[in-house]
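Structure, as structure tokens:
The values are calculated or read from the model by the stated rules, or taken from the named source; none is laboratory data. Keep in mind it's a predicted model, so treat the numbers as computed, not measured. Side chains included, ligands, DNA and RNA excluded: accessible areas come from the protein's heavy atoms. Shrake-Rupley method; radii C 1.70, N 1.55, O 1.52, S 1.80 Å.
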Amino acid sequence: MKQSDSFISFMPRVRRFVLNKTQNTDVANDVVQETMLRTFRCAPSDPLQSPLAYMLTVAKSVLSDHWRVEKKHQVDQELNESQAHHTDIEFEYLNSEKVRIIAQLLEGMPPLRRKVFEMRRIEGKSREEIAQELDLSVEAVKKHINRAMVEVTLCAENHGWEF
């Protein structure tokens, strides 16, 4: 019997050993496959007295490698989740600050300009609707919107915001 045949005959026992350690069929299959590859690739040319012991040693090495990689992936994933959570909190804070600053800016605008801007940008009304409702010309509405937008844009630039 060739040495490679003895390795193949011990595969079920190696698989049981690995499955007992991992409790996961997919991982066990992967580890056994890698064990067989390493065994055939690295086995000594002289016949082994205990091929099963050799294969179990190789399987332990493969398992160790698997767990090391798995731990690294787990740590990386936890770090990514932590960074994403931190980014979400930071994003929410920055947005609330932007809203607060824009609200202050709107409070400082002349009442008619603020009203026109809010009707257009917040309520979504057309220039014509605003002009009718406030008894203004469409050109006056455009001027109020433009001046308000200039103030908002300058405020954004002063705070380093990008649109």
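What to note about this one:
- Eligible lysines near residue 71 by straight Cα distance, threshold 28 Å, same-chain separation 8 or greater: 21, 60
- Accessible area per residue was computed with a 1.4 Å probe on protein heavy atoms; residue 127 scores about 90 Å².
- With the whole protein complex present, residue 36 retains an accessible surface near 20 Å², based on a 1.4 Å probe.
- Shape call, segment 51-121: gyration tensor on alpha carbons, a/c limit 1.5: prolate
- Highest GNM mean-square fluctuation among 125, 98, 72, for the chain modelled with Cα contacts below 10 Å: 125.
- Shape call, segment 73-163: gyration tensor on alpha carbons, a/c limit 1.5: prolate
- For the chain, adding -39500 (n - 2.57) for each run of n ≥ 4 DSSP H residues and dividing by the number of residues yields -27500 deg cm²/dmol at 222 nm.
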